[in-house]
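This report refers to the structure that appears directly beneath it.
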Amino acid sequence: MKFAVIVFPGSNCDHDAYHATKHVLGQDAEFVWHKDTTLKGADVVILPGGFSYGDYLRTGAIAQFSPVMTAVREFAGSGGPILGICNGFQVLCEAKLLPGALLRNKDLKFHCEHVGVRVEQTSTPFTNRASAGQVLKLPIAHGEGNYFADQVTLEQLESSGRVIFRYCDNGGRIADEANPNGSLNGIAGICNDRRNVVGLMPHPERACESALGSEDGLVLFDSVVASLASSGALMA
Amino acid sequence: MSTVDAALLDRHGLIPDEYQRIVAALGREPSLTELGIFSVMWSEHCSYKSSRVHLRTLPTEGPRVLQGPGENAGAVDIGDGLAAVFKIESHNHPSFIEPYQGAATGVGGIIRDIFTMGARPIALMNSLRFGPMNGTHGARTRRIVEGVVAGIAGYGNSIGIPTVGGEISFEEPYTGNPLVNVFCLGIAKADALVKARAEGAGNPVYYVGAKTGRDGIHGATMASAEFDEKSAEKRPAVQVGDPFMEKLLLEACLELMKGDAHIGVQDMGAAGLTCATSEMGARSGSGIEIDVMHVPQRESGMSPYEIMLSESQERMLLVVKKGREREVEEIFEKWDLHAAQVGFVTDDGLLRVKDHGTVVAEIPNTALVDGAPVYHRPMARPAYLADVQHLDAAALPPVHAQEGLFRILSSPTVANKRWVYRQYDHMVRTNTIVLAGMGAAVVRVKGTSRALAMSVDGNGRYCYLDPRRGAMLAVAEAARNVACAGGHPIGATNCLNFGNPERPEIMWQFAEAVQGIGDACRALDLPITGGNVSLYNETDGTAIYPTPVLGVVGLIEDASRTVTRVFRGEGDVIVLFGETFDELGGTEFLKIIHGLVKGQPPGLDLRKERALIALLVRAAGIGLIRSAHDCSDGGIAVTLAECAFDTGGIGCQVDLTEVRGADATLFSESASRAIVTAAAQDAPTLLQIAAEAGVPARLIGRVGGSRLRISVGGRVQIDCDVRDAERQWSTAFNSYFRRQAS
């Protein structure tokens, strides 16, 4: 199975996503440069964290126009699994592959720490190996992770089960104290209508080895491997 | 031009005698551009003219040293064919004038120093000193703290290099002159270190990165003068950072350096294009000729003087092999960077600057670099010492130990700095195996079984009371910190922050501190591979505490054996390595509880320190210890409390041998001590290897329960719930900023 890690010039978690998929998971992985127009035959696409084009204007605002995004859009349209992590989530929102926007954290400060993240839905390629309600310990590292959507969109997301991850305390409780950035409904991650495009602010790729303090992020990558194996992509 | 008058020289920070030396070096009067070039290269910041004679005495060699002082950064061999490349640098003056950009560009500068050597930067740290966050200037200080922290975060987070650790302290003398020292470490192939050389006449010289603007002109000269109330007017001399541009430069340069088209690389930091061209030439005995018309410019109408002296950020100068130009340009184009050929290497040893073909400066490189003045400035032992060194500790009123502990835990210097490090991305690159706040910073080296432990330490108060011993203690503490993580200290870098060297008392402090660093480093086999000197840290005539800051790098052979400060489990035994003496001079206790900065700093026997460090590394290496924490700020009471914090409330019962009363026993900051824990069945082995190492070791208690219970000579002095103490410790720092929380 092959992971494509998209590299924008300001991506800085590209090596981490590559390391997690290639060295920890033992899958095939390849960097795809933002000026490339194909995804090099990848089965899964990761848009990694970072500051895509410096993000001085608005996080991810310029990245949506980069050449590689045409291929990413096509891949999404064909049902291919895409995971946007942190800046990757922001890029997916700017590219309208996911609804809503990530605003500045409520306290206007960057936060880097481990937080509790509750898996809300398992019916996506990135959560099928998790259990509903499972609490993951994952790092966040962002200044703009405050998820916002208008009331109608928010209700649609909730009613169609497209809120995939929520910030929670150690016991799995959703509470304001456990919400690091002011996201509406404690939203940490969502998916698109078709459920193949998932974006989240926490960093599962930073939580794949016990030496780093958590292995809870592995379940996202294990899930997509399992999902593609069962759909026969491995046979290709 | 012959209109050089006293006012012009003064504006350039040059004295008449220095001007005469310039005339002698050139054999004629300098042009204005030449005068500007000399003024920045001969500034204290670039020339080290006051400090050089002292710095020469530092030990810089060792079997692991691949690169000592003199290049962009030092490098030590860490095995597996790899080198750790690291350096610390100050950005004090800019950070006071414009905290966010001053600190941000400091981070940008030190990162460039590291990747210029061909190393991939993997860790940042910082050492920060401010005035008190309360009182007369509290509001201003809090704004500076917020700005500096945000600036460090803004740059490091964006470029994607984790800020993995550091230290912060608060003392009155830094009110008008905060210290912002930043450290960066990178990994390079040991046999592919890149040097800042301009070799091979005819080889093209490229300029890459951001365009040159009028920002930062005379930044180096600014950093070589005292501050006064007009300093805020110097804001245009502070540069603005662009971490995205630097990210592009970093990736493009590392891609270029994988090949062999390059000869030498130097970043344009202080003194910009002037420093890069003249130093690269001087190191190689060659010359460089450039025409400023080729230098990419941000604004029109810039004079050669301005172009040569600009300190615009994120710029590099490269010398590449003739005939390989296209290859080089393609790499930079890939990263959307413009590589402009601005000149070429010559064999005449001159820095020749042209403007549209007309020569505007022509100076021997050696005159600018090696020919800079070297001063043996007069020194005098300061009169204040006689008074402040005297302390009658026995006459101090007794203190309720637990109350004292809580007050020290709440002091911003000791309190939990989560408010700070939470703003730093300290995990990116997935190497951080000891998270911020858990002890010395530790990053693993991917592709090997090894890890690197790092610590930056200084203690201005100790150095104020005794610069020589204070500096020795700073070396010892940094080395001990990395040893507590299991790292064998293999190299050090220093940042020397002092006042105006033209005052004999300041120069004496400087010379004493350098002696102390040298003595300690020699005793601990710790080579200094580079660093930085920051003088003139004075505002309105008040100098900072003399503050040498040491960055020490330690090698952990087996990353899985890394040790942190926190208790690991119930029933483990607690062992004190080292001895506690009646040493309250200069302590946190004396400052916080009694409001005094007096006495002699703790004594230091370097043989004992060396033995302790070796013991810690050995015990960690064989997996014998489960936690280790250096015993320093706040003494043994604070150390034990910190071991219990971040454990979810695991306590301990400890009984200490009395040393002249409970206060001295609990709060003395005697050097060469550490608190370690081990599984109960390993206690005999631990005590055995301590004895073999010649380190006094005593079993003082056990981990367990939820209370922090510390007795002295059998009498309970502290008995509290760990969570109560931890609440004090973890909320104190935030409370200064609570108003702004939403």
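With unit charges on the beta carbons (Lys and Arg positive, Asp and Glu negative) and the dipole taken about the Cα centre of the protein assembly as shown, which residue among B:Thr163, A:Cys168, B:Ala270 sits farthest to the positive side?
A:Cys168
Grab region A:2-231 and count how many Lys pairs have their alpha-carbon atoms under 30 Å apart, sequence gap of 8 or more, or different chains.
Taking the Cα cut-off of 30 Å, the pair count is 16.
Under a Cβ-Cβ cut-off of 15 Å, what is the net charge of the residues other than B:Ala559 that fall near it, where Lys and Arg count +1 and Asp and Glu count -1?
+1
Got a sec? Charge dipole of chain B, +1 on Cβ for Lys and Arg, -1 for Asp and Glu; which of B:Val205, B:Gly147, B:Ser670 is way out at the positive end?
After comparing all options, I get B:Ser670.
For helix B:99-115, report the angle its Cα long axis makes with the longest principal axis of the Cα atoms of chain B; keep it between 0 and 90° and round to the nearest 10°.
Between the helix axis and the principal axis of chain B, the angle is about 80 degrees.
Placing unit charges on C-beta atoms (Lys and Arg positive, Asp and Glu negative, everything else neutral), compute the dipole magnitude of chain B about its Cα centre in debye, rounded to 20.
Dipole size: approximately 1400 debye.
Tilt of helix B:635-644 relative to the longest C-alpha principal axis of chain B, in degrees (0 to 90, nearest 10)?
The angle comes out near 90 degrees.
Calculate the FRET efficiency for B:Ser449 and B:Glu172 from the Cβ-Cβ distance with a Förster distance of 51 Å, rounded to the nearest 0.05.
0.65
Using Cβ contacts closer than 10 Å as the measure, can you line up A:Lys2, B:Lys258, B:Lys87 from fewest to most?
B:Lys258, A:Lys2, B:Lys87
Tilt of helix B:325-334 relative to the longest C-alpha principal axis of chain B, in degrees (0 to 90, nearest 10)?
With rounding to tens, the tilt is 50 degrees.
Using a Gaussian network model of chain A with C-alpha springs under 10 Å, which one of A:Tyr56, A:Tyr147, A:Tyr167 is most mobile by mean-square fluctuation?
Highest fluctuation among the options: A:Tyr56.
Straight-line reach from B:Lys195: which lysines have a Cα under 30 Å away, not including same-chain ones fewer than 8 places off?
Cross-link targets: B:Lys49, B:Lys87, B:Lys211, B:Lys247, B:Lys258, B:Lys321, B:Lys322, B:Lys334, B:Lys354, B:Lys446.
Non-local amide H neighbours of A:His142 (under 5 Å, H modeled in plane, Pro and chain starts lacking H): which ones?
A:His111
Let me have the 222 nm mean residue ellipticity of chain A computed from DSSP H runs of 4+ only, each contributing -39500 (n - 2.57), with the sum over all residues rounded to the nearest 500.
Rounded to the nearest 500, it is -5500 deg cm²/dmol.
Considering every residue in A:11-18, what mean count of other chain Cβ atoms within 10 Å of its Cβ is obtained?
4
Identify, among A:Cys13, A:Ser214, A:Ser231, the residue whose Cα sits farthest towards the positive end of the charge dipole of chain A, taking +1 on the Cβ of Lys and Arg and -1 on the Cβ of Asp and Glu, with the dipole about the Cα centre.
Toward the positive end, the furthest listed residue is A:Ser231.
Taking a ≥ b ≥ c as the square roots of the Cα gyration tensor eigenvalues, with a/c under 1.5 meaning rounded and otherwise prolate when a/b beats b/c, else oblate, which class fits region A:156-236?
Oblate, since a/c reaches 1.5 and b/c is not below a/b.
What average number of partner chain Cβ atoms lie no more than 10 Å from the Cβ of the residues making up B:595-603?
Per residue, the average neighbour count from other chains is 0.
What ranking do B:37-46, B:206-215 get when scored by the average of other Cβ atoms within 10 Å per residue, highest first?
B:37-46, B:206-215
Rounded, prolate or oblate: pick one for the protein assembly as shown, where a ≥ b ≥ c are the square roots of the eigenvalues of its C-alpha gyration tensor, a/c under 1.5 means rounded, and failing that, prolate if a/b is larger than b/c, else oblate.
Verdict is oblate for the protein assembly as shown.
If you take all C-alpha pairs in chain B, what percent of them are over 43 Å apart?
25
For region B:684-698, take each phi angle, set θ = phi - 60°, evaluate the Karplus expression 6.51 cos²θ - 1.76 cosθ + 1.60, and give the result in whole Hz per residue in order, putting x for glycine and proline.
After applying 6.51 cos²θ - 1.76 cosθ + 1.60, I find x, 4, 4, 5, 5, 6, 5, 4, 4, 7, x, 9, x, 9, 9 Hz.
If the only charges are +1 at each Lys and Arg Cβ and -1 at each Asp and Glu Cβ, what is the size of the charge dipole of the protein assembly as shown around the Cα centre, to the nearest 20 debye?
Result for the protein assembly as shown is approximately 1320 debye, rounded to the nearest 20.
State, to one decimal in nm², a quarter of the convex hull surface area for the C-alpha atoms of region B:33-174, i.e. the direction-averaged projected area.
Taking a quarter of the hull surface, the average projection is 11.2 nm².
Each residue of region B:275-292 in turn: what ³J(HN,Hα) in whole Hz from Karplus with 6.51, -1.76, 1.60 and θ = phi - 60°, glycine and Pro shown as x?
5, 5, 5, 6, 5, 4, x, 4, 5, 10, x, 10, x, 9, 10, 10, 10, 5
Can you tell which of A:Thr124, A:Thr70, A:Thr59 shows the greatest fluctuation in a Gaussian network model of chain A with Cα springs below 10 Å?
Judging by the Gaussian network model, the answer is A:Thr70.
Across peptide B:156-164, what mean number of C-beta atoms from other chains lies inside 10 Å of a residue's C-beta?
Average per residue, whole number: 4.
Grab the DSSP H runs of chain B that are 4 residues or longer, score each as -39,500 (n - 2.57), total them, divide by all residues and round the 222 nm result to the nearest 500 deg cm²/dmol.
After summing the helix terms and dividing by residue count, I get -10500 deg cm²/dmol.
About the Cα centre of chain A, how large is the charge dipole given +1 on each Lys and Arg Cβ and -1 on each Asp and Glu Cβ? Please answer in debye to the nearest 20.
Here the size comes out at about 260 debye.
Which shape class applies to region A:2-231: rounded if a/c is under 1.5, otherwise prolate when a/b exceeds b/c and oblate if not, where a ≥ b ≥ c are the square roots of the Cα gyration tensor eigenvalues?
rounded
All of the numbers you see were taken from the coordinates with simple rules; none came from a lab. Nothing here was measured: the structure is a model prediction, and the numbers come from that model. All Cβ positions, glycine included, derive from the backbone under ideal geometry; neighbour counts span all protein chains shown.
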